[in-house]
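*Asks:* Dropping a structure here in structure tokens format, bear with me for questions.
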Amino acid sequence: MNRIERLKNKIKVVPQEPGVYLFKDKNEKVIYVGKAIKLRNRLLSYFRDNQEGKTKVLVSRIQDFETIKVETEADALLLENTLIKKYQPRYNILLKDGKSYPWICIKKERFPRVFMTRNVIKDGSEYFGPYTNVKFVYVLLDLIRQLFPLRTCKFDLSEEKIQAGKYKICLDYHIKKCLGPCEGLQSEEAYQEDIKQIRQILKGNSAYVLDYLKIQMKNAASNLEFETAQFWKEKWDALQDYSSKSTVVSASIHNVDVFTILSDDQEAYVNYFKIMNGSIIQSFTSEYKKKVDISDEELLKRVVVEIRNKFSSKAKQVLINIPEFEIEGFDARFSTPKIGDKKKLIDLSEKNVKYYRLEKWKHIQQTDPEKHSKRILTQVQKDLRLTELPTHIECFDNSNFQGAEPVAACVVFKNARPSKKDYRHFLIKTVVGPDDFASMTEVLTRRYSRMLKEGESLPHLIVVDGGKGQLSAGVKALENVGLKGKVPIIGIAKRLEEIFFPGDSYPLYLDKRSESLKLIQKMRDEAHRFGITHHRGRRINNALKSELEEIKGLGKVTIEKLLKHFGSVKSVIQAKEKDLINLVGIHRTKLITEWRKQK
């Protein structure tokens with residue numbers, strides 16, 4: 001019995017219930033952890049004959065598996081998350097850990113300190129975050145210290161030590177940044193009241209603190225303590241300014257989580273917002289490396305559980321950009337809003353995740369151009385259904401002016417970048433008049449018959465500028481040289497940027513933002529530029545030649561010599577006789593001088 005049959009027989013006794021499965025290799029090492037609503041069906045799906053890509057590689061390594069049954073899909077996700085952290089399987093998605101992101105900590109102490117940290121320690125302290133922007137953390141901490149004087153020392157301020165007079169007030173007390181709890185000058189109750197207000201600010205409930213500050217301000221004013229009232233008013237103004245900047249949606253949206261996902265074949269990016277009282281109090285974007293083929297919905301289920309567990313979120317409403325999203329047994333309601341403030345939140349989250357991906361791509365492009373090129377070409381291969389990665393692409397364009405001076409251009413891109421040393425111009429030799437189709441057939445026939453003759457490596461993709469007609473001409477050329485069906489060829493029509501395939505009357509419409517389309521457009525535009533520049537140069541050169549051809553007795557070789565030396569007809573007219581004699585001799589100079597007198 002072979003390996004696949006043995007595994008299939010084992011699967012037959014697996015129950016059709018929610019659970020987690022662990023795939024193991026020949027060394028009994030866990031290489032993949034997954035979850036399923038129906039374990040048996042999910043396991044069998046791995047051993048179908050039509051598997052390909054990353055999943056096929058995973059299946060080839062599986063020697064054994066074990067399953068763990070649970071009650072609901074939500075339980076399965078939680079267990080899966082725990083097991084992934086425990087075993088770190090090779091083929092699971094990899095989450096870039098947020099440990100390096102800053103948090104704001106309210107330390108579990110008699111007089112709690114409030115500070116930024118990058119290490120979360122389970123000692124009973126409260127942690128708020130993580131924050132992706134460290135500057136924002138400093139702004140928030142500055143606001144908190146401006147509103148509430150807090151201690152920054154690390155002393156053990158137990159009642160016994162304070163009463164024993166072990167500590168003395170420091171400079172912070174004298175500059176009013178601390179109220180001196182180390183000497184008993186501030187009570188624990190008063191200090192804890194400030195911590196209570198700080199906790200509300202960090203939770204996004206600025207309105208609660210604003211009300212508290214307003215009450216303090218009015219009480220001081222009613223007691224004619226105007227300096228104290230001004231003190232509280234300045235704090236109220238500072239918090240009001242912060243609140244107005246942080247509120248992005250309706251204040252009626254309270255305790256809501258927002259998740260949006262954007263993915264391609266290699267990576268997925270997920271943005272998370274935590275909304276409290278209409279303010280975004282947490283924003284977090286994670287990058288996932290895909291090790292097996294997985295849908296956005298399945299991946300996001302894992303991420304939702306991971307992030308909510310990480311941030312201890314208990315929000316009962318979760319906004320998401322995948323319609324009809326559901327996790328069985330989950331203690332929150334999922335929805336995909338179409339209008340209103342909640343839809344704006346989804347849009348804002350998607351904008352954040354797109355920006356994150358763009359910045360990531362820019363960084364890769366600068367630091368690892370080969371990886372950047374491979375990612376683009378992988379997308380082209382997928383979009384155009386190519387069998388090979390198109391590291392070598394050639395694009396053709398024809399140029400003529402009212403049928404005159406017909407030329408063609410071939411530009412070559414290698415690894416998604418122009419290879420200008422391989423660019424080629426073609427003069428149309430066999431076609432009379434403005435016949436783009438016949439010109440395309442001639443040029444491609446000449447190009448690839450020569451490449452075959454000289455043993456050069458053929459492109460992985462040919463692109464012709466034009467629609468069905470130009471594509472048919474290109475296919476005819478490949479047939480002429482015996483390459484039909486051996487080298488992929490497409491046409492791109494300018495009006496709607498349609499991609500045409502041989503033998504298919506219906507074009508492919510790629511997303512206008514697609515990197516595949518952008519690369520094809522870039523090649524088409526480069527071929528057009530290269531061809532037009534050459535065509536314009538020939539027209540100008542021929543116009544100059546025709547003017548000098550008026551001089552009887554002057555041959556083509558002499559005309560080209562004059563133009564090459566002087567650069568233009570105008571310079572020839574203005575040239576000194578001795579310069580002309582030195583270049584073309586006395587006899588030809590006399591002919592030029594007589595012609596110049598007539599001009």
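*Asks:* Per residue, how much accessible area does the stretch 305-404 have with a 1.4 Å probe, in Å²?
*Replies:* Details: 5600 Å² over 100 residues.
Solvent-accessible surface per residue comes out at 56 Å².
*Asks:* Once you sort the root eigenvalues of the Cα gyration tensor of the stretch 434-495 as a ≥ b ≥ c, which label holds: rounded (a/c under 1.5), prolate (a/b larger than b/c) or oblate (the other case)? Before the final figure, lay out the partial values.
*Replies:* Values: a/c = 2.16, a/b = 1.56, b/c = 1.38.
The shape class here is prolate.
*Asks:* Then there is this: Apply the a/c threshold of 1.5 to the C-alpha gyration tensor of the chain and tell me whether it is rounded, prolate or oblate.
*Replies:* Oblate, since a/c reaches 1.5 and b/c is not below a/b.
*Asks:* Cα gyration tensor of the stretch 311-444, axes a ≥ b ≥ c as square roots of the eigenvalues: rounded (a/c below 1.5), prolate (a/b > b/c) or oblate?
*Replies:* On the way: a/c = 3.58, a/b = 2.64, b/c = 1.36.
Prolate, because a/c is 1.5 or more and a/b exceeds b/c.
*Asks:* If we sort 253-266, 449-462 on the protection proxy, mean other Cβ atoms within 10 Å, highest first, what's the order?
*Replies:* My ranking of the peptides, most packed first, is 253-266, 449-462.
*Asks:* Please determine, in degrees from 0 to 90 and to the nearest 10, the orientation of helix 556-566 with respect to the longest principal axis defined by the Cα atoms of the chain, where the helix direction is its Cα long axis.
*Replies:* Computed tilt is about 40 degrees.
*Asks:* Follow-up question, since we're still on this one. Ignoring ligands, DNA and RNA, what percent of the 1.4 Å accessible area of the chain is carbon and sulfur? Please report the intermediate quantities before stating the final value.
*Replies:* Details: 16370 of 32220 Å².
The C+S portion of the solvent-accessible surface of the chain is 51 percent.
*Asks:* Further, regarding this structure: Given the -39500 (n - 2.57) contribution per DSSP H run of 4+ residues, what per-residue ellipticity at 222 nm results for the chain, rounded to the nearest 500 deg cm²/dmol?
*Replies:* So the calculated ellipticity at 222 nm is -15000 deg cm²/dmol.
*Asks:* Further, regarding this structure: What is the helix-to-structure angle for 226-246, meaning the angle in degrees between its Cα long axis and the longest Cα principal axis of the chain, kept from 0 to 90 and rounded to the nearest 10?
*Replies:* For helix 226-246, the angle is close to 40 degrees.
*Asks:* Using the alpha carbons of the stretch 294-389, what is the convex hull volume per residue in cubic angstrom, as a whole number? Intermediate values should be presented prior to the final figure.
*Replies:* On the way: hull volume 14.1 nm³, N = 96.
Measuring per residue, one finds 147 Å³ for the Cα hull of the stretch 294-389.
*Asks:* With a cut-off of 8 Å between alpha carbons and a minimum separation of six or more residues, what is the relative contact order of the chain in percent?
*Replies:* 8 percent
*Asks:* Distance check, please: which entries in Lys86/Lys301; Lys274/Lys301; Lys35/Lys56; Lys56/Lys289; Lys107/Lys344; Lys453/Lys476 exceed 25 angstrom between their Cα atoms?
*Replies:* Lys107/Lys344
*Asks:* Can you give me the Cα centroid spacing of the stretch 9-44 and the stretch 262-321 in angstrom?
*Replies:* So the two Cα centres are separated by 25 Å.
*Asks:* When ranked by the protection proxy of mean other Cβ atoms within 10 Å per residue, highest first, what sequence do the peptides 434-447, 316-329 form? List each step's numbers first, then the result.
*Replies:* Numbers: 434-447: 21.4, 316-329: 15.8.
In descending order of packing, they fall as 434-447, 316-329.
*Asks:* Whole Å is fine, so just give me how far the alpha carbon centre of the stretch 142-207 lies from that of the stretch 55-72.
*Replies:* 54 Å
The values are calculated or read from the model by the stated rules, or taken from the named source; none is laboratory data. This is a predicted model, so every value here is computed, not measured. Every residue, glycine among them, receives a Cβ derived from its backbone with ideal geometry; neighbour counts consider all protein chains shown. Quick note on the areas: whole protein, heavy atoms, side chains included, nothing else; ligands and nucleic acids left out. Shrake-Rupley method; radii C 1.70, N 1.55, O 1.52, S 1.80 Å.
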